[in-house]
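I have placed the structure first, in the form of structure tokens, so that the comments after it can refer back to it.
The values are calculated or read from the model by the stated rules, or taken from the named source; none is laboratory data. Please read these numbers as outputs of a predicted model, since none were measured by experiment. Neighbour counts run over all protein chains shown; Cβ positions are idealised from the backbone, glycine included. Accessible surface is based on the protein model in full, side chains and every heavy atom, while ligands, DNA and RNA are left aside. Shrake-Rupley method; radii C 1.70, N 1.55, O 1.52, S 1.80 Å.
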Amino acid sequence: METGQPSPSRVHPGGPAPLLLRTVHEHRAGLGGISVLTARGTVDASNAGRFAEALAEHLADAGRTGDHPLLDLTEVYLACPAADLLGRATGDLARSGRALTVVQPRPHVRETLTAAGLPGLRVHASLDSALRALADRGPTRAHPGGPG
């Protein structure tokens, strides 16, 4: 029975890819600080908690430093409810008028995020388009809970 999503065996013939997480901090002229959490591999029930914790820590660090938080999902396959994980992690951002920039999620992830309509997310097709959009909004301003 076809559900519109490829079966995990067709996406990952050797099984799920291990989840790898890495954060990079940069300073961009005219933009200020950016903090990019790059995730690679499969997020599933066995590691969703670790992914959610890393994302929460990433957002908290960006809040303390005033950086623009970005989440690069270019090489991620989500085998669990993405909207739930991201919605919980970005709720505070949305309430403070900020957002998490999500870079190039795979089609099934992008569809899930779009359908969820989470106010704390801005989805972009590439890192370049995300950085252009952030630059258009200007440097990071002081916000509640962040540096003044």
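Couple of notes before you dig in:
- Scanning the range 109-139 for residues that are in contact with a helix residue (DSSP H, G or I) (Cβ under 9 Å, 6 or more places away or on another chain), open to solvent by less than 50 Å² (accessible area, probe 1.4 Å) and touching a residue at least 24 places away in the same chain (Cβ under 8 Å) returns V109, L113, A116, L118, G120, L121.
- Restricting attention to the range 31-46, the residues being open to solvent by less than 20 Å² (accessible area, probe 1.4 Å) and not aliphatic (A, V, I, L, M) number 5.
- Of note, T65 satisfies the criterion of being among the polar types (S, T, N, Q) and at pLDDT 80 or above.
- Contact annotation: residue pairs with Cβ atoms under 9 Å, 6 or more positions apart or on different chains, pairing a residue in the range 83-104 that is touching a residue at least 12 places away in the same chain (Cβ under 8 Å) with a partner that is among the aromatic types (F, W, Y), are L85/F51.
- None of A89, A60, A94 is open to solvent by less than 50 Å² (accessible area, probe 1.4 Å), under 20 Å from H124 (Cα atoms) and out of contact with any strand residue (DSSP E or B) (no Cβ under 8 Å at 6 or more places or on another chain) except A94.
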